[in-house]
Structures are given as C-alpha cells and as structure tokens.
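One structure is given here, and the rest of the page talks about it.
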C-alpha cells in the first residue's frame, strides 16, 4: 500500500532557506539533538535528523495536513547538511542559514516506508538522500529532496505546494488516494500520468 | 460495449464501485471508475429469469493493475468511441465463477482473480464475448450458467436446464454442453 505525496515548490528565489519535514512526528526535546531516527538494531542502517545547537525546538512550526492527522514541520532560516557513512548511517543536520547563496527550501520526508520519491520536474539530482532501514519486517525511510518531488507512500496522495512563508501552514495537502491518481491518469491527467510512470505502474488493457 | 455483471455497484463512494476481500491476507479485488464517467452512463439492465444485476456502458474501456501485493484493480475509463467488441467485467462476492470458452472465442479471459477465504471466494474477471460463465455455489450445490453474448448477457439456468434446452435444439445451450464436456449417458 502506498501513499503518494507530492512536493511542489513554487520557490521564490529571494526567500531565505527553510526546511519542511513531513511524514512523522519529531522529538524536539531530545538532549542529544536527534529530532527523528529510524533504526532499531546495531546491524541496521541508522537514519537520523539532528538539530544543531543554533536550532532551537521553538523554531519548529508544527502543522497537520487538512483532512488527516499527518504532521509536518516548517523550520525557517535553516538549511540541511548531510553525511552518509557507508551502509551504517545517514545523518542530516539542520544548521542555521549562514547567509550563503543557498536559498532553496528543502524537503525531508521521514517515516515508515518503503516509499518512492519521484521528481516532479524530471531533474535527476532532485533527490539527494533516499535511504531505508529494514528491521523485523518494519521499514524506516528518509528522503531529502531539493526540488519538487512526489513520494509514493501508502494509500493516499498528498501534495506540498507553497508560494511564500505566509502559506507554509497549508504546504502539505491531501490530493487523493492512489486509486484516484491512477483513475485520473487513465482519464488523461498529465500530472498523474507522470506519477504512474515514476512508479512504473503500467495498467494493462484488452489487446 | 461494456457490461458489468454479477454484483450491484455502489455509486456513492466516488471512484470505488465495488470491492471484495475475504480476509486480511487475501487479495483485494476492486472495480473503480475514472473521473470522466458519470453515474448516469451506467445503464442498469435486467436479465430474464434471474435477478443478477447488469450494467451497460456504451462508451468505455477497461484497464487493470494486477500487483504482486495482492491487489487487483480494474478501472473503467470513459472513451469518445465505444469499445469495438463486447467486453464484460464479471463480479462475484459469494463463491466465485468459472469462464467457459465459446467455440468461436477460444481465449475470452483477459483477467481472472479471486479472493479466497474460508467460506467465500470473491472473484473478478475481464472477459470478451462470446463466453459462458459458470457461477459456483456453496457446498457443491448446483451451479448455474450465463451466456455473455456480443449483444447482451442471458441467463441459461442450472446445468439440468441447460442440458434440457440443448436436447430441445437450443444452439447456445448445445454449445455450452459441448464446451463444458459434460458426460451425458445415452443408449
């Protein structure tokens, strides 16, 4: 069962960077700064999100998707750094904006997987991280994208679509179910057809 | 022409018209429609001799997704031109059914999936006409038969009724008797 989430960043170049973390609850009060993690055992990949000392819990604005209780967080004036340690660890660090030329919004999708990120705009380098860890039939996954991306995850379709800092609270929207996306694609909807192609779903028909 | 036969459709749940699943680990069977098909395009018809529901759709086609994740979804899509052949979507939420080929159509089944539980076996199939459908019953009680013709479906009744009609020179029943390979004793 898959949920499809879509990210649409109508980014304004002059806006300072922000990070949207969607898909799961964060633990903001951890003393070690880990706000999200996905690992259970030593022999499984650790997937982590840290907030660095300059990023305080009150900087995380929590919202829920209208119509569902799916949480997402907006952290303004922040950008991500990340490291991957072979098969052992993937860490994302939320660091304060240092005033560099980086002025993108970055999207982190975390939670129970597996899910599949699909770049909306077709840019191959959109997805910077897409790591999973499988433990006892459970899967945790983290995806970091720098541009618009759809994420197929469970049964429904969500969309992140924001124009400015003022519209962050409605950045993640429920679009429909996976079945609805397929039905729309079959009825000719180009955007839904892109999702189907990205998921390698090829409906069969009578020859 | 498109026909949906076997179960009543639910038009209140948006795109999901029918679904069946006989257990949490069993295959989910779904019949869905694309948003370009309105309720009134489904014309409900009656079959003489039985109360099995039939819907006719003049302009539509069928796609399906049959995944290894134990989910089969059949989508009805609106088209500008009618399907050149008669295609049937056969549904059953009771004990399932079998499809028997017609002499003029040796491979009528495009899709046939079941969701088999302890007491029931729901089924969905995409079948091109002409073909026969053998509807299964609980505990081996007598099956009954439908003829999915190019122009409309018809009910043939139980096996004994089919045999009786075949001996009365009914062509369709004779074809079914021949295709089903029933062993009928004679002097």
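For A:177-190, what's the mean count of beta carbons from other chains sitting within 10 Å of each residue's beta carbon?
6
By how many nm would the segment from residue B:119 to residue B:39 lengthen if fully extended, with 0.36 nm per residue of separation less the alpha-carbon distance?
25.5 nm
Using a Förster radius of 30 Å, what is the FRET efficiency between residue A:138 and residue A:61 based on their Cβ-Cβ separation? Nearest 0.05, please.
Computed FRET efficiency for residue A:138 and residue A:61: 0.55.
Can you give the % of DSSP beta bridges in segment B:2-132 that are antiparallel, to the nearest 5?
Close to 80 percent.
Can you compute the modelled spin-label distance between residue A:190 and residue A:125, with each label point 7 Å from Cα toward Cβ, in nm?
The answer from the label model is 2.6 nm.
How would you rank B:77, A:206, going from fewest to most other Cβ atoms within 10 Å of each one's own Cβ?
A:206, B:77
For A:36, B:64, what ranking results if the residue with the fewest other Cβ atoms within 10 Å of its Cβ goes first?
The order, fewest Cβ neighbours first, is B:64, A:36.
Taking chain B as a Gaussian network, where each spring joins two C-alpha atoms under 10 Å apart, which residue of B:114, B:52, B:67 fluctuates the most?
Between B:114, B:52, B:67, it is B:67 that shows the largest mean-square fluctuation.
Counting only DSSP beta bridges with both residues in the protein assembly as shown, what percent are antiparallel, rounded to the nearest 5?
Beta bridges within the protein assembly as shown, antiparallel portion: roughly 80 percent.
Nearest 0.05, what FRET efficiency do residue B:169 and residue B:10 give at R0 = 35 Å with Cβ-Cβ as r?
The pair residue B:169/residue B:10 has a calculated efficiency of 0.25.
Equivalent ellipsoid semi-axes for the protein assembly as shown, as square roots of 5 times the alpha carbon gyration tensor eigenvalues: give them largest first, rounded to whole Å.
The equivalent ellipsoid of the protein assembly as shown has semi-axes of 55, 21, 16 Å.
Relative to the longest principal axis of the C-alpha atoms of chain B, give the angle of the C-alpha long axis of helix B:171-180, reported between 0 and 90° and rounded to the nearest 10°.
Computed tilt is about 90 degrees.
What are the equivalent ellipsoid semi-axes of segment B:1-135, built from the alpha-carbon gyration tensor (square roots of five times its eigenvalues), in whole angstrom, biggest first?
They are 21, 19, 15 Å, listed from largest to smallest.
Would you compute, from DSSP H runs of 4+ residues alone, the mean residue ellipticity of the protein assembly as shown at 222 nm, taking -39500 (n - 2.57) per run and dividing by the full residue count, rounded to the nearest 500? Could you put the intermediate results ahead of the total?
Values: 4 runs with 37 residues, N = 394.
My calculation for the protein assembly as shown gives -2500 deg cm²/dmol from helical runs alone.
Pick from B:94, B:170, B:144: which residue has the top mean-square fluctuation in a GNM of chain B where Cα pairs under 10 Å get a spring?
B:170
Pairwise over distinct Cα atoms, reciprocal of the mean inverse distance: report the Kirkwood radius of segment A:104-148 in Å, one decimal place.
11.0 Å
None of the figures in this text is laboratory data; all of them are computed from the coordinates on show. All values reported here derive from a predicted model rather than from experimental measurement. Cβ atoms come from the backbone with ideal geometry, glycine included; neighbour counts cover every protein chain shown.
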